[in-house]
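Novice: There's a structure below that I have some questions on.
Readers should treat all values here as calculations from the given coordinates under stated rules, not as data from a laboratory. A quick note: this is a predicted structure, and the numbers were derived from the prediction, not measured. Every residue, glycine among them, receives a Cβ derived from its backbone with ideal geometry; neighbour counts consider all protein chains shown.
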Amino acid sequence: MTATPIDTGFKGSAARNAAARARLLRGLLPALSLALVLMAIAWLNPRAISYFGFNLMLNLAIPIALATIAQMFVIAGNELDLSIGTFVGFVGCVTATWLKDAPLVGIAILLGSIGVYALLGALIHLRNLPSIVVTLGMSFVWQGLAILVLPKPGGKAPDWLLTIMSLKPPFIPFPIIAALLIGLVVHFGLMRTSYGAILRGSGGNPAALRRAGWSLLKTKVVLFALTGLFGVLSGMALIGITTSADANIGNGYTLLAIAGVILGGGEFVGGRVSPIGAVLGALTLALAASPLLTFMHIPPDWQVAANGAILIIVLAARVLISRKER
Amino acid sequence: MPQAIADIIRLDGAEKHFGAVRALGGVDFHVGPGECVGLVGHNGAGKSTLMHMVSGTLVPDSGTIGVHGNAEANYSVSRAQQLGIRCVFQELSLCPNLSVAENTRINHASLTGFGWRRKAAELITAKLDEIFPDHGISAWDIVGDLSIGRRQMVEVARAFTVTQDRLDLVILDEPTSSLDAHTSGQLLAFVRRFVGSGKSCILISHVLGEVLRNADRVVVMRDGKVVAADAASAFDRDRLVTAMGGAEGHHRSEAETAKAEAGPLRVRARPARQEDGKELMARAGEIIGLAGLAGHGQTDLLLAIFAAASRARTGMEVTAPVALVAGDRQSDGIFPQWSIAQNIGIRSLARLRNGLLISPQREAALAGFWQKKIGIRTPDMNHNIFSLSGGNQQKALFARALGSDAEIVLMDDPMRGVDIGTKLEVYDLVREEARKGRTFLWYTTETEELDNCDHVYVFKNGRIVANLGRDELTEEKIIQSSFGDAA
C-alpha cells in the first residue's frame, strides 16, 4: 500500500485497489466482530456452542435483526427513526390482544400502522422536517397507544405465531436460519433489484436522482413503509418468543437497531448500508448483550454499562478502518 | 440546410430572476441539428441558468421554449429526457455509494427486470470503450472509489448512453475540467464524431481554445444576456475575451501615492498544486488581490495560510497573527445566537479577559469603538446579530478581524451580496488599515475590487498563473490569464 506510484494510471488503479481493500475489510468487520464474540463465548463456556445453546442465546436475535433491518431502510435514505423501539412495543401489544382475539381487526391495525409510517415519510419529505424530531414525537404516540391497547402486561400470542417461533429444524438452530433468510431476502431486494438501486441512490445523491426524473417523495415513502413493515415483523416475532406483551417491551430496540446498522457497516448519511451486515450486527449485539456478559460473570447491574463499552469498542474499530479508507 | 425550422431547441426572450437578482434578461438561444454550440462567459454571466432551462430543471419567468419545432408549455426534466435532451452538469451528479452500472440505471427507467445489472453494465462499458478507449473503469466499481477524473468520464459516457428515449442534444458543462489532456482530447474527438452523425452538443468551457477548435458556433454571454453569437471561425481568442469582459474602460480609484519602502515580509505561500516556483508574497502594508475564476484554489490557499499561522507547514511562511473574514457569513462567519458585541469580541478574547472571565465592559468598549469607526447601524450592540442587515453583519465580521491583534487579514470574497455603500466604506477602511501596516490578502470575484490592491495573483486550477502589478492590472488581462490554455 505504501508503494510509490510511477505514473498516474497506475496510481489511479493502486488507489482504487486500496479503496476496494478497505471496503472489503469494512465489509468483513461485522463478520469478524461476530466471530470474536462467538470465540469469547466458546472460550468462556464451550457447552454454549451447541444446537441448544444457540437456540437459547440467539432467542431474541430475530426481533432485534428485524428491527435493525427496519432502521436500516430509513438510514439508507439519510433519515433516522427514533420511534422504532416503541413501535415494536405497540405492535407487540396489538399482536398479543387484537391479532389473537379478532385477527381481521388486528391485521387492519398493523397494516394501518405501516400506512402511518408511509405518511410520516411523505410528511418528512414534503415539509422538509428533520426525521429525528418527527420520529421522536411519534415514539411517544406509539408508547401511548401501546398502553391504551394493553394497560397491564399480559395478553397472549396467537398460536400460529408461537408455532412458527418455536420451530426446531434439524441440525441448524432456527434463529440462525431465520437470520440468514432475513439477510438474503433484504439483500436481494435492496442491493440487487433495479428499484433498490434507486432507493440507495436517494441517500447517496438525492439531487442527481431528482434530475434524472425520479420522485424523491416516492423513495422516501417506500423506505418508511418498509421500515414500518419490518417493525411490524419484529414486534410479532418478539411476541412469538415471549408469548405475552408489555407496553415497554421494545423500548430498548431503538438504540440497539441504530447500533446494529452502524456495526453492520452502514453509515448515517450517504446511502451506504448493508443488509447482511446489519443482520450480523444485530446477532453480535444480541450475543454481546447478555450471554457473553453472563458467562464473563459480570453482575447484571453492570451489564448495561458493559454492553455500552462493547459497542464503543466495536464502533471505534469501524471508525479506524473507515479513516484508513480515506 | 433548413436548420431554422427544425431547431432542436429554441428559447425566445427567456428571463429569470432569483429574488432581486436578474440571472437572465431576455435571452434568445437556439441549437440546430448537427451543430456544436460553444457557450462562454465569465462567472455569473448566466450560462448555467440558461442550461438549466434547456435541460428542464429551471422554468423561465417569461419567454418561450420550443423543442423540435413545437412549443413546450410544461417543459420539465422528464419531458426533456423524452425529447432527447441530456445534460452533464458541472457538479457531479453521480451517486457515490452506487456502482457505475447502478448509476447508469438511474438515468434509464427502462433498465429493469431480470438481468438489468448485466444490461446496464454492458451499456456503460460499451460507451466508455467508445469514448475513452483504455479507460480502466469497471462497471462494478463503486463510484466513490474512483478518482475525480474517472468519475467525470463515467458521467460523460452515461449522458451518451441510449436505451428507449431518443438522444439529440447533449449539454456538456465544463466536461474537461477534471480530465487530463489525453482524455480531454478523446472526449472532444468523440463530440466531433457525435455532431458529425447529425446530433448536437452545447459545449461550455473556460478553456477558450477548446471552444474555438470544436464548436461550429459560439455564443458569448455577459450579465445575463447574449452579447455576441457568430460562427466559431469568426472569433479568435482576443475577440472572445473582449466580448466576455467588456471593452469599456474602468476607472481606477484615485491613484494612490507610491507605496513607501517595501515593508517586512508577512506571508510567503505556495499553493499545494503549484508545480513551478511561483509563490504568493505579501509584505506589511500591502493589499494583495487573489483573482481568477471562482473555486480555482483561492479559498484553499487562504485557509492554508490561516492554518499555517498556528502550525508550521512546508512551503508556507506566516510571520504575524492572522484573522479571516469569511465569505459565506451565514455558515462560516456568524454565531447566530450571539449579540453583535459578542460576535465582534470572539477573535480577541485573550485581551477581553479579566481573570478567568470575559469582562463585559471591555467587550462593550471594543464593540462600541468599532461601531463608531466602521458605522454599524444599530441602536444597541447587545442586540442579536441577526437584527442587522446583511451589509452590517459583514461589517461586524470586519470589525471582528480588524479589532483583533491580527496583522494579516485574509478576506474570502467577503463582499458578496453587500450593498455598494457598505462596500465603499469598507474599501476605505481596508486602505486605511493597510497604510497603518496591516497586510490584506483579498480574494474577490468582483474585478472592480481588485483596483484596491497593490498587486494581484491570478489563479487557475489551484495554481498561480500570473502576478499582475498595479499598473498592468486590467480586466482583460485577468480574464486572459484565468482562461489561459496552458495546462
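Novice: With a cap of 10 neighbouring Cβ atoms within 10 Å, and only residues DSSP puts in a loop, list the GluC sites (Glu not before Pro) found in the stretch B:268-298. If you can, show how the numbers build up before the last one.
Specialist: Values: sites: B:GLU275, B:GLU279, B:GLU286; in loops: B:GLU275, B:GLU279, B:GLU286.
Filter output for the stretch B:268-298: B:GLU275.
Novice: Also, I was wondering about something else. Just tell me how shielded A:282-295 is by partners: mean number of partner chain Cβ atoms within 10 Å of each residue's Cβ, no decimals.
Specialist: Values: counts 0, 0, 0, 0, 0, 0, 0, 0, 0, 0, 0, 0, 0, 0.
So the per-residue partner count for this stretch is 0.
Novice: Using Cβ counts within 10 Å as a stand-in for footprinting exposure, how do A:ILE313, B:ILE464 rank, fewest first? Could the numbers behind the result be given before it?
Specialist: Numbers: A:ILE313 11, B:ILE464 24.
Fewest-to-most Cβ neighbours within 10 Å comes out as A:ILE313, B:ILE464.
Novice: If you don't mind, another one. For the stretch B:9-245, rounded, prolate or oblate, judged on the Cα gyration tensor with a ≥ b ≥ c (square roots of eigenvalues), a/c < 1.5 rounded, else prolate if a/b > b/c? List each step's numbers first, then the result.
Specialist: Working: a/c = 1.84, a/b = 1.41, b/c = 1.31.
Since a/c reaches 1.5 and a/b is larger than b/c, the shape of the stretch B:9-245 is classed as prolate.
Novice: So for the pair B:ALA312, B:GLU425, with labels modelled 7 Å out along Cα→Cβ, what separation do we get in nm?
Specialist: 4.3 nm
Novice: Normalise the Cα radius of gyration of the protein assembly as shown by 2.2 N^0.38 Å (N = residues in it) and let me know the number. Walk me through the numbers before you get to the answer.
Specialist: Values: Rg = 31.5 Å, N = 813, 2.2 N^0.38 = 28.1 Å.
Dividing the Cα Rg of the protein assembly as shown by 2.2 N^0.38 Å gives 1.12.
Novice: What is the order of A:THR68, B:THR474, fewest Cβ neighbours within 10 Å to most?
Specialist: Numbers: A:THR68 36, B:THR474 15.
So the residues, fewest neighbours to most, are B:THR474, A:THR68.
Novice: Does anyone have the angle between helix B:360-374 and the longest principal axis of chain B? Alpha-carbon axes, 0 to 90°, nearest 10?
Specialist: 70 degrees
Novice: May I ask you to derive the FRET efficiency for B:ILE346 and A:ILE132 from their Cβ-Cβ distance with R0 = 30 Å, giving the value to the nearest 0.05? List each step's numbers first, then the result.
Specialist: Working: r = 29 Å, r/R0 = 0.97.
Once rounded, the FRET efficiency stands at 0.55.
Novice: Hey, got the average number of other protein chain Cβ atoms within 10 angstrom for residues in B:97-110?
Specialist: Working: counts 13, 10, 1, 0, 1, 8, 6, 1, 6, 13, 6, 2, 5, 1.
Taking the mean over all residues of the peptide, I get 5.
Novice: Averaged across the residues of A:182-195, what count of C-beta atoms belonging to other chains lies within 10 Å of each residue's C-beta? Could you put the intermediate results ahead of the total?
Specialist: On the way: counts 0, 0, 0, 0, 0, 0, 0, 0, 0, 1, 2, 4, 14, 3.
For peptide A:182-195, the averaged partner shielding equals 2.
Novice: Over chain B, calculate the relative contact order: mean separation of alpha carbon pairs under 8 Å at least 6 apart, over the residue count, as a percent. All intermediate terms of the calculation are to be shown ahead of the outcome.
Specialist: Working: 896 pairs, mean separation 73.8, N = 487.
Value for chain B: 15 percent.
Novice: Run lengths n ≥ 4 of DSSP H only: what is the helix-derived mean residue ellipticity at 222 nm for chain B, with -39500 (n - 2.57) per run over all residues, to the nearest 500? Let's see the in-between values first.
Specialist: Numbers: 15 runs with 156 residues, N = 487.
Mean residue ellipticity, 222 nm, calculated: -9500 deg cm²/dmol.
Novice: Please give the helix B:420-435 orientation as an angle from the longest Cα principal axis of chain B, in degrees from 0 to 90, rounded to the nearest 10.
Specialist: Value to nearest ten degrees: 50.
Novice: Kindly provide the trypsin sites (Lys or Arg not before Pro) of the stretch B:98-172 that DSSP labels as loop, not H, G, I, E or B, and whose Cβ sees at most 14 other Cβ atoms within 10 Å. Please list the in-between numbers first.
Specialist: Values: sites: B:ARG105, B:ARG117, B:ARG118, B:LYS119, B:LYS127, B:ARG150, B:ARG151, B:ARG158, B:ARG166; in loops: B:ARG166.
Passing both the DSSP loop test and the Cβ count: B:ARG166.
Novice: What is the helix-to-structure angle for B:148-159, meaning the angle in degrees between its Cα long axis and the longest Cα principal axis of chain B, kept from 0 to 90 and rounded to the nearest 10?
Specialist: That works out to roughly 40 degrees.
Novice: OK, next. Which whole DSSP H helices in chain A pass both tests: a Cα extent of 27 Å or more along the axis and a mean Kyte-Doolittle value no lower than -0.5? Could the numbers behind the result be given before it?
Specialist: On the way: long enough: A:8-44 (52 Å, 0.92); A:103-126 (34 Å, 2.08); A:216-242 (39 Å, 1.74); A:300-325 (38 Å, 0.78).
Both cut-offs are met by A:8-44, A:103-126, A:216-242, A:300-325.
Novice: Please report B:PHE369, A:PHE295 as a ranked list, fewest other C-beta atoms within 10 angstrom at the top and most at the bottom.
Specialist: Working: B:PHE369 13, A:PHE295 16.
Lowest count first: B:PHE369, A:PHE295.
Novice: Using 7 Å Cα-to-Cβ label points, what is the B:LYS372/B:ARG237 separation (nm, one decimal)?
Specialist: It is 5.5 nm.
Novice: Could you tally the net charge around B:LEU265, taking each other residue with its Cβ under 9 Å from the Cβ of B:LEU265, Lys/Arg +1 and Asp/Glu -1? Display every interim value, and only then the final one.
Specialist: On the way: positive: B:ARG266, B:ARG268, B:ARG283; negative: B:GLU317.
Neighbourhood net charge equals +2.
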